[in-house]
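J.: First the structure, then my questions, so here it is.
The values are calculated or read from the model by the stated rules, or taken from the named source; none is laboratory data. The structure displayed is predicted, hence computed values, not measured ones. No Cβ is skipped: glycine too gets one built from the backbone with ideal geometry, and neighbour counts run over all protein chains shown.
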Amino acid sequence: MILHQQFVRVARQNEAKLAIIDRTLDRRITYKRALIGSLVLVRKFAGFDPGFLGIMMPNSAGSVLAILATLMGGRVPVMINYSTGAAANCEYAQKKCAFKTIITSRALCQKINCPHVDGMVYLEDIMKTVSILDKVRAALKAGRPVERLLKSIHAGDENDTLLILFTSGSEKEPKGVQLTHRNISANYQSLKKAYDFAGDDIFLANLPYFHVFGQTANLWVPLLEGMTLVTYANPLDFKAISAIVREEKVTLMAGTPTFFWGYLRNSNPGDFASARILLSGADKCPQALRDGFLKKHGKTLLEAYGATETSPGITVNTLAHNRPGSVGRPLDGVEVRIEHYETGETCAVGEIGKILVKGDNVMKGYFDDFEQTSLSIRHGWYDTGDMGYMDEDGYFWHVGRLKRFLKIGGEMVSLVKVEDVLEKLLPGDVECCVVEIPDPLRGARIVAAVTQQVDEKAILREMAEQLPKIALPSRFVVIPEMPKHGSGKIDFRSITERAREMVLGK
């Protein structure tokens, strides 16, 4: 499936239906207007330097149309993270992928205090150049017979790169992940079977499009299915989003645990009454969060597991098949294997090992990085770098990154398990993150970062009842606000660096 071409077919079949409700700019755009708007931008983008086209925009009607126009014009969008270090991210993407032009928004740059970067073009300025003739020309083109219209835009192949997304860089420099039309469409088909999507669903598009979860769940699923998507620029505006879900009668919503915590705390009973699927991913979902949504809203928060490199869905829980605490069963068409981290043998039921994934959802590779691609994909199996196990009923349990395991005294210690125990002993408003820092004698030391001062001795006494001595934190440090990425995921690299400075003084 060529995704931008499929959008054209869906748009022509649903011309009068609302495609986008832009709650930031208070605009409501039908599929017909979305198609015309995309065709207008195709002509405008044609004047820019050839090659990749950077896109750095918040979720809005403008960002949706810019992505579609880039693809219709035969170019590949490179999605840029603006949540932290926007200017540096722009320059990194330009250098990594060797392109110049970045479509962005002046309003966004002003709001996040991002200086002008050479190559930036502001969508507001582009729109000022759109004439009546441009609109008439695009409208006439949009009215052509579908097959003739499809021949007038870029065709392409399903194995062509659809877009480039960057990994979070939570552990090392971001890598450019090349996802193809086949990758995203395969994940869409798998998710559709799991959740019975329908054209009359209304999908909240709150997850940023520079994140794979946002791309698949908040852009392509609704557009390919002919749904209405409701965009809002700031996923951290928890109170506003809770109100939008109620007012627009949203039926489908995906998010990270960080976002769902915000929605839970800032919502009123009844705000989520229309929602039939609430899907949490990108990070572990605490039981307290699930309990909170069930108690306050009577809704089951379902947990899923994925990765940027797998478009993203790997395993999901559904309303019919849900095992809280697990990340669910593999999606249709996705194979999952648990491999022993030392021997490479397939693990037995209940045995923890590395999580490997195979299927049409697995990426084409990392851009301009053959070595890392070869290390990550072997014989079609993508090594997620995560650890987990499968239970006797086929549910998978994620227990953390392999890099979040460490050997102390010859034994493997899971920092995630330490974190889970600590989390339950802390006051509800205290966040924690357990990291590893070097130790000249033991090789490694466990440090617990918390957002408030706590009674360390009392907590360590209780932790000692549940964990071996080698797994207990040797030190607590206070970081008032945990660094996070734009997706809401914890930035382990930043926390580790800060903990190291506080403990070792360097």
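J.: If you take the residues in region 125-151 that are of a type in the set (A, V, I, L, M, F, W, C) and surrounded by 17 or more Cβ atoms within 10 Å (Cβ to Cβ), which one is nearest to Val42 (Cα to Cα)? Give the derivation first.
T.: Filtering region 125-151 for residues of a type in the set (A, V, I, L, M, F, W, C) gives 126-127, 130, 132-133, 136, 138-140, 142, 146, 149-150.
If we keep only those that are surrounded by 17 or more Cβ atoms within 10 Å (Cβ to Cβ) too, we end up with 126, 138, 142, 149-150.
Details: Ile126: 11, Ala138: 9, Ala142: 12, Leu149: 13, Leu150: 13 Å.
Among those residues, the one meeting the criterion is Ala138.
J.: Step by step: first the residues of region 133-159, then only those that are touching a residue at least 24 places away in the same chain (Cβ under 8 Å) and part of a loop (DSSP other than H, G, I, E, B), then the one that is farthest from Thr496 (Cα to Cα). Which residue is that?
T.: Of the residues in region 133-159, the ones touching a residue at least 24 places away in the same chain (Cβ under 8 Å) are 134-135, 137-139, 141-142, 146, 149-150, 153-159.
Filter once more, keeping what is part of a loop (DSSP other than H, G, I, E, B): 153-159.
On the way: Ile153: 48, His154: 46, Ala155: 46, Gly156: 44, Asp157: 43, Glu158: 40, Asn159: 39 Å.
Applying the filter and picking the extreme gives Ile153.
J.: Restricted to region 300-326, and to residues that are of a type in the set (Gly, Ala, Ser) and assigned to a loop (DSSP other than H, G, I, E, B), which residue is farthest from Phe210 (Cα to Cα)?
T.: Residue satisfying both the conditions and the ranking: Ala320.
J.: Next up: Taking interchain pairs and intrachain pairs at least six residues apart, which have beta carbon atoms under 8 angstrom, with the first residue in region 338-350 and free of Cβ contacts under 8 Å to residues at least 60 places away in the same chain and on the phi > 0 side of the Ramachandran plot and the second surrounded by 11 or more Cβ atoms within 10 Å (Cβ to Cβ) and of a type in the set (Asp, Glu)?
T.: As it stands, the answer is Gly350/Asp391, since those pairs meet every condition given.
J.: If you take the residues in region 389-407 that are part of a strand (DSSP E or B) and modelled with pLDDT under 90, which one is surrounded by the fewest Cβ atoms within 10 Å (Cβ to Cβ)?
T.: Out of the qualifying residues, it is Lys407.
J.: Right, Leu39: under 22 Å from Gly214 (Cβ atoms) and either surrounded by fewer than 21 Cβ atoms within 10 Å (Cβ to Cβ) or modelled with pLDDT of 95 or more (or both) or not? Before you say what the answer is, go through the steps one by one.
T.: Numbers: under 22 Å from Gly214 (Cβ atoms): no; either surrounded by fewer than 21 Cβ atoms within 10 Å (Cβ to Cβ) or modelled with pLDDT of 95 or more (or both): yes.
When the stated conditions are applied, Leu39 does not pass them.
J.: Filter region 474-494 down to residues that are farther than 23 Å from Cys285 by Cβ and touching a helix residue (DSSP H, G or I) at 6+ places or on another chain (Cβ under 7 Å) and give me whichever is surrounded by the fewest Cβ atoms within 10 Å (Cβ to Cβ).
T.: Within region 474-494, the match that is surrounded by the fewest Cβ atoms within 10 Å (Cβ to Cβ) is Arg475.
J.: Please go through region 64-113 and pick out each residue that is of a type in the set (Phe, Trp, Tyr) and closer than 21 Å to Leu25 by Cα.
T.: Tyr82
J.: Scanning region 408-418 for residues that are in a strand (DSSP E or B) and surrounded by fewer than 21 Cβ atoms within 10 Å (Cβ to Cβ), which turns out modelled with the highest pLDDT?
T.: Ser414
J.: Oh, and also: Being free of Cβ contacts under 8 Å to residues at least 40 places away in the same chain and either touching a strand residue (DSSP E or B) at 6+ places or on another chain (Cβ under 7 Å) or of a type in the set (Ser, Thr, Tyr) (or both) is the filter here; which residues of region 455-471 pass it?
T.: Listed by number, the list holds a single entry, Glu456.
J.: What are the pairs, 6+ residues apart or on separate chains, where a residue within region 282-304 that is surrounded by fewer than 18 Cβ atoms within 10 Å (Cβ to Cβ) has its Cβ under 8 Å from a residue that is of a type in the set (D, E, K, R) and modelled with pLDDT of 90 or more?
T.: Cβ pairs passing all conditions: Thr300/Arg290.
J.: Also, quick follow-up: With the structure loaded, tell me whether Ser38 is assigned to a loop (DSSP other than H, G, I, E, B) and among the polar types (S, T, N, Q) or whether it fails that test.
T.: No, not satisfied.
J.: Out of region 84-132, which residues are within 25 Å of His485 (Cβ to Cβ), in contact with a helix residue (DSSP H, G or I) (Cβ under 8 Å, 6 or more places away or on another chain) and part of a helix (DSSP H, G or I)?
T.: Across region 84-132, the qualifying residues are Ala86, Arg106, Ala107, Cys109, Leu123.
J.: For Ala288, all conditions in the list (1) part of a helix (DSSP H, G or I); (2) touching an Asp or Glu at 6+ places or on another chain (Cβ under 6 Å); (3) not hydroxyl-bearing (Ser, Thr, Tyr) hold save one; what is the number of the exception?
T.: Here Ala288 clears every test but (2).
J.: Say whether the condition of being touching a residue at least 12 places away in the same chain (Cβ under 8 Å) and within 21 Å of the chain's Cα centre (by Cα) is met by at least one residue in region 32-52.
T.: No; the residues of region 32-52 include none that is touching a residue at least 12 places away in the same chain (Cβ under 8 Å) and within 21 Å of the chain's Cα centre (by Cα).
J.: Being surrounded by fewer than 12 Cβ atoms within 10 Å (Cβ to Cβ) and under 25 Å from Phe210 (Cβ atoms) narrows it down to one residue among Gln178, Gln110; which is it?
T.: Gln110
J.: What about Gly380, is it touching a helix residue (DSSP H, G or I) at 6+ places or on another chain (Cβ under 6 Å) and free of Cβ contacts under 8 Å to residues at least 24 places away in the same chain? I'd like the intermediate steps shown before the answer.
T.: Working: touching a helix residue (DSSP H, G or I) at 6+ places or on another chain (Cβ under 6 Å): no; free of Cβ contacts under 8 Å to residues at least 24 places away in the same chain: yes.
No, not satisfied.
J.: Is it the case that some residue within region 108-115 is closer than 23 Å to Ala34 by Cα and of a type in the set (A, V, I, L, M)?
T.: Yes, some residue in region 108-115 is closer than 23 Å to Ala34 by Cα and of a type in the set (A, V, I, L, M).
J.: Okay, next question. Please count how many residues of region 211-265 are of a type in the set (Phe, Trp, Tyr), in a helix (DSSP H, G or I) and touching a residue at least 60 places away in the same chain (Cβ under 8 Å).
T.: Qualifying residue count, region 211-265: 3.
J.: Kindly indicate the residue of region 322-331 that is over 17 Å from Val221 (Cβ atoms) and touching a residue at least 40 places away in the same chain (Cβ under 8 Å) and also surrounded by the fewest Cβ atoms within 10 Å (Cβ to Cβ) among those meeting that condition.
T.: Gly325
Residue by residue, here is whether (1) of a type in the set (Phe, Trp, Tyr); (2) within 18 Å of Phe45 (Cα to Cα) holds:
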residue: Ile153; (1), (2): no, yes
residue: Leu163; (1), (2): no, yes
residue: Lys175; (1), (2): no, no
residue: Lys192; (1), (2): no, no
residue: Phe197; (1), (2): yes, no
residue: Ala205; (1), (2): no, no
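J.: Among the residues of region 15-28, is any surrounded by fewer than 20 Cβ atoms within 10 Å (Cβ to Cβ), more than 18 Å from Ala205 (Cβ to Cβ) and not hydroxyl-bearing (Ser, Thr, Tyr)?
T.: Within region 15-28, the subset surrounded by fewer than 20 Cβ atoms within 10 Å (Cβ to Cβ) is 15-18, 24-28.
Then drop every residue that is not more than 18 Å from Ala205 (Cβ to Cβ), which leaves 15-16.
Still in the running and not hydroxyl-bearing (Ser, Thr, Tyr): 15-16.
Looking through region 15-28, at least one residue is surrounded by fewer than 20 Cβ atoms within 10 Å (Cβ to Cβ), more than 18 Å from Ala205 (Cβ to Cβ) and not hydroxyl-bearing (Ser, Thr, Tyr).
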